[in-house]
Amino acid sequence: METIETLIENFSMLDSWEDKYQYLIELGEKLPPLAPEYKTEAWKVSGCQSQVWLVPENIDGKIYFKGDSDAIMVKGIIYLLLAVYRNKSAQEIKEIEVEKIFAKLGLGEHLSPSRRNGMMSMVDKIRLYAASFES
């Protein structure tokens, strides 16, 4: 998985929203499939129009996430969020200003209100999981 810095750089080279949209879809296609046992209500993110599942894992104080969706564009958003929050401590996750990162990606103004709400529901779930790992 690319770092968020690399992704910001890649997005900055794309001129049109159509190109960014296509790249987002390509990122979603790179998202590893989530095992069926995680596609349950227990891991589902509420507040998203599509189905979204996020699963946290704490490894030596760093939190990693797996995720999936039934919508290809949303998979791309998940990919970006996983890159943003990858290999971070619970405290670091709390401090990340994801909307600023999405603005740097040039996506902030192009996400529909429903996708933005869904993205923020995913961010809220990620922060909730992180808080549950704090010691």
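Structural remarks
- When the convex hull of its Cα atoms is projected in every direction, mean area for the chain (nm²): 7.6 nm²
- Extension reserve of the Arg86-Thr3 stretch, reckoned as 0.36 nm per residue once the Cα distance is removed: 29.0 nm
- Taking every DSSP helix (H) stretch of at least 4 residues in the chain, weighting each as -39,500 (n - 2.57) and dividing the sum by the residue count yields a mean residue ellipticity at 222 nm of -16500 deg cm²/dmol.
- Using 0.36 nm per residue and subtracting the Cα-Cα separation, the extra length available between Tyr64 and Leu14 on full extension is 15.2 nm.
- GluC sites (Glu not before Pro) within the range 1-107: DSSP coil, no more than 11 neighbouring Cβ in 10 Å: Glu97
- Whole-number percent relative contact order across the chain, with pairs defined as alpha carbons under 8 Å at least 6 apart: 28 percent
- Computed from the Cβ-Cβ distance with R0 of 30 Å, the FRET efficiency linking Ala131 to Thr40 stands at 0.90.
- Centroid-to-centroid, using Cα positions, the range 71-135 and the range 1-56 are 10 Å apart.
- Leading residue at positive end of dipole, the range 1-82 (Cβ point charges), from Leu14, Gly28, Ala71: Ala71
Bear in mind that the values in this text are calculations on the coordinates, not laboratory data. The model shown is predicted, which means the values in this text are computed figures rather than measured ones. In this analysis, Cβ positions are derived from the backbone assuming ideal geometry, glycine residues included, and neighbour counts consider all displayed protein chains.
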